[in-house]
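The values are calculated or read from the model by the stated rules, or taken from the named source; none is laboratory data. These figures come from a predicted structure and were not determined experimentally. Neighbour counts run over all protein chains shown; Cβ positions are idealised from the backbone, glycine included. When the accessible area is computed, the model is the full protein with side chains, heavy atoms only, and any ligands, DNA or RNA have been set aside. Shrake-Rupley method; radii C 1.70, N 1.55, O 1.52, S 1.80 Å.
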Amino acid sequence: MSETTKPGRKYRARLPGLDQIEAGSAAALLWLCSLLPLSVASGLGGFLGRTIGPYTARSRIAVRNIARAFPEMAPQEVRATMRGMWDHIGRLALESAHLRALDCYAPNGPVEVVGAEHLDAVKANGRGTILFAGHIGQWDIPPIAVQQRGIDATILYREI
C-alpha cells in the first residue's frame, strides 16, 4: 500500500483492508440510524461524538486552535468547546442517514427554510445563478432545499 506524504507530516501505514472495515461499519451504522427517528439518531450521534471524539488526534489540534483563537478562555472552557464540537459533528454524521428522506418544506418539519421566495425568483428567471451557503449547522441541507424547490444545482466545495 502506498502512502501519500506531505513535507513535515508523518503517516502510519494502515493495515490492509482497514478502510473496507471502516466503510462497512459506517454504512451499517448509518443504515441502523435510518431506521431510528431523526431525533434519536441525532442524539446517538452527539453521544458517540462526545464520547469518542475527544480521544482522537484531531482533538489535540482543535484544543490548540481554540486556545490560540481565544487566549482568554480557561482550559476547561476550551475542552468544553471541543466536546461541543464533537457533539455537533457526531449529530451531523448520524443525521445524514435521514437526509434523503428529508422534506425541507414539510409543515412542522425539522427544517425551516427562510427566503424560499428568492429560490422561486431564481427558478422563474430561468438563468443560472450562484448561491452561497455557510458551512454551519447541518450544511448538507441548503443544497437539498434548493433541489427540492426544483432548481438544478451543482455543488462546489473546497476539500479539507
State all residues of segment 116-137 that are out of contact with any helix residue (DSSP H, G or I) (no Cβ under 6 Å at 6 or more places or on another chain), part of a loop (DSSP other than H, G, I, E, B) and either open to solvent by less than 70 Å² (accessible area, probe 1.4 Å) or polar (S, T, N, Q) (or both); if no residue qualifies, say none.
GLY126, GLY134, GLY137
Mind listing whichever residues of segment 33-57 are hydrophobic (A, V, I, L, M, F, W, C), assigned to a helix (DSSP H, G or I), within 26 Å of HIS98 (Cβ to Cβ) and open to solvent by 30 Å² or more (accessible area, probe 1.4 Å)?
LEU35, LEU38, VAL40, LEU44, PHE47, LEU48, ILE52
Filtering segment 116-158 down to residues that are under 19 Å from the mean Cα position of the chain (by Cα) and farther than 30 Å from TRP86 by Cβ yields THR154
Pairs with Cβ under 9 Å, 6+ apart, first in segment 83-101 and more than 22 Å from GLN147 (Cα to Cα), second outside any helix (DSSP H, G or I) and among the polar types (S, T, N, Q):
TRP86/THR56; ARG91/GLN138
All conditions in (1) of a type in the set (A, V, I, L, M, F, W, C); (2) out of contact with any helix residue (DSSP H, G or I) (no Cβ under 9 Å at 6 or more places or on another chain); (3) within 16 Å of PHE47 (Cα to Cα) are true of MET82 except (2)
Specify the residue that is farthest from LEU30 (Cα to Cα); the eligible residues are those in segment 58-115 that are exposed (fewer than 12 other Cβ atoms within 10 Å of the Cβ) and within 19 Å of the chain's Cα centre (by Cα).
ILE61
